[in-house]
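The values are calculated or read from the model by the stated rules, or taken from the named source; none is laboratory data. In this text, all values refer to a predicted model and were calculated from it rather than measured experimentally. Because the Cβ atoms are built from the backbone with ideal geometry, glycine has one as well, and the counts that use them run over all protein chains shown.
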Amino acid sequence: MDHRPLGETGLKLSAVGFGSFKIGRNVKTKYPGDYSLPSDRAADNLLNEILDLGINYIDTAPAYGLAEQRIGSAIGHRRDEFVLSTKVGETFDTATGASAYDYSAESVRTSLENSLRRLQTEAIDITFIHCNDRDLEIQRDEGIVDALRQAKVDGLTRLIGLSGKTVAGARFALAWADVLMVAYHARDRSHAGVMSEARERGIGVVVKKGLDSGHLEPAEAIPFVLEHRAASSLVIGSCNLGHLRANLALAGAVQP
């Protein structure tokens with residue numbers, strides 16, 4: 001398994017990371033087809049197999065339904081084997097099918113403490129702001145960046161960053177973030193420049209939606225993303241181990 005430096009953070013991530021959305025939530029998604037959530041036992045087996053395959057980066061969020069709880073239950077005892085990222089700012093109510101957003105400083109600590117409990121860990125490795133399309137205003141006006149800095153000082157999270165929507169938001173985050181999470185794929189290359197800027201500054205970059213939420217073929221999409229020299233890891237969500245193994249093989253053939 002290819003492991004790449006995450007900027008100058010000192011961490012190395014597997015070229016393919018696991019996105020946990022599909023083990024926790026199956027409503028209000030952007031995927032082309034419907035899917036059922038795995039059982040607790042199936043999720044447990046999947047998460048352990050992911051680590052056994054050599055994937056050492058797992059991304060989650062409170063807005064991913066059952067995902068944080070399932071990660072903690074299944075692989076909390078293997079915590080030293082993987083880099084873990086979660087997010088603050090968005091929650092999701094499966095009963096109503098609606099997201100709620102709270103970017104206040106007060107919400108950051110509450111959200112992180114709840115995530116730590118569900119994930120059964122003492123600290124998160126990377127905490128991202130889970131932004132809607134107001135990502136520039138959220139950073140500038142809400143006080144959440146200072147709150148994340150304080151959470152880092154207090155040891156709740158080791159690194160902080162932005163999972164945003166816009167290029168302007170990502171570029172603004174270069175002033176404070178340790179890591180950026182950006183959408184990047186062959187149909188949307190808009191973040192390519194800011195990814196390169198982040199690399200020059202020693203800021204880590206992880207890529208989301210590299211398969212355009214399932215609309216692109218992995219054989220072309222995975223090499224496209226990982227050929228960008230700034231990309232440390234491409235987060236892919238799947239509950240199919242066969243697909244994950246194939247994705248790892250595709251990633252292994254790419255030289256950044």
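Against the test of being more than 23 Å from residue 222 (Cα to Cα), among the β-branched types (Val, Ile, Thr) and modelled with pLDDT of 95 or more, the options 83, 88, 27 yield a single qualifying residue, 88.
Take the residues in segment 192-204 that are in contact with a helix residue (DSSP H, G or I) (Cβ under 9 Å, 6 or more places away or on another chain) and under 11 Å from residue 231 (Cβ atoms); name whichever of them is surrounded by the most Cβ atoms within 10 Å (Cβ to Cβ). Don't jump to the end; show me each part of the working.
Keep residues of segment 192-204 that are in contact with a helix residue (DSSP H, G or I) (Cβ under 9 Å, 6 or more places away or on another chain), which gives 193-195, 197-198, 203-204.
Subsequent filtering for residues that are under 11 Å from residue 231 (Cβ atoms) retains 195, 198, 204.
Values: 195: 22, 198: 24, 204: 27.
Filtering segment 192-204 for residues that are in contact with a helix residue (DSSP H, G or I) (Cβ under 9 Å, 6 or more places away or on another chain) and under 11 Å from residue 231 (Cβ atoms), the one surrounded by the most Cβ atoms within 10 Å (Cβ to Cβ) comes out as 204.
Residue by residue, here is whether (1) assigned to a helix (DSSP H, G or I); (2) surrounded by fewer than 22 Cβ atoms within 10 Å (Cβ to Cβ); (3) at pLDDT 95 or above; (4) on the phi < 0 side of the Ramachandran plot holds:
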{"residue": "149", "(1), (2), (3), (4)": "yes, yes, yes, yes"}
{"residue": "176", "(1), (2), (3), (4)": "no, yes, yes, yes"}
{"residue": "190", "(1), (2), (3), (4)": "no, yes, yes, yes"}
{"residue": "206", "(1), (2), (3), (4)": "no, no, yes, yes"}
{"residue": "213", "(1), (2), (3), (4)": "no, yes, no, no"}
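The set of residues in segment 206-230 being in contact with a Lys or Arg (Cβ under 8 Å, 6 or more places away or on another chain) and either closer than 17 Å to residue 58 by Cβ or of a type in the set (D, E, K, R) (or both) consists of 212, 229.
Only one entry of 52, 40 meets the criterion of being surrounded by fewer than 22 Cβ atoms within 10 Å (Cβ to Cβ), without any contact (Cβ under 8 Å) to a residue 24 or more places away in the chain and among the acidic types (Asp, Glu), and that entry is 52.
Candidates 79, 4, 70, 41: the one that is over 13 Å from the mean Cα position of the chain (by Cα), among the charged types (D, E, K, R) and closer than 22 Å to residue 251 by Cβ is 4. Residues that are under 17 Å from the mean Cα position of the chain (by Cα) and loosely packed, with under 14 Cβ neighbours inside 10 Å within segment 17-37 comprise just one, 30. Is at least one residue of segment 122-131 closer than 25 Å to residue 29 by Cα and either in contact with a Cys (Cβ under 6 Å, 6 or more places away or on another chain) or without any contact (Cβ under 8 Å) to a residue 40 or more places away in the chain (or both)? Checked segment 122-131: no residue is closer than 25 Å to residue 29 by Cα and either in contact with a Cys (Cβ under 6 Å, 6 or more places away or on another chain) or without any contact (Cβ under 8 Å) to a residue 40 or more places away in the chain (or both).
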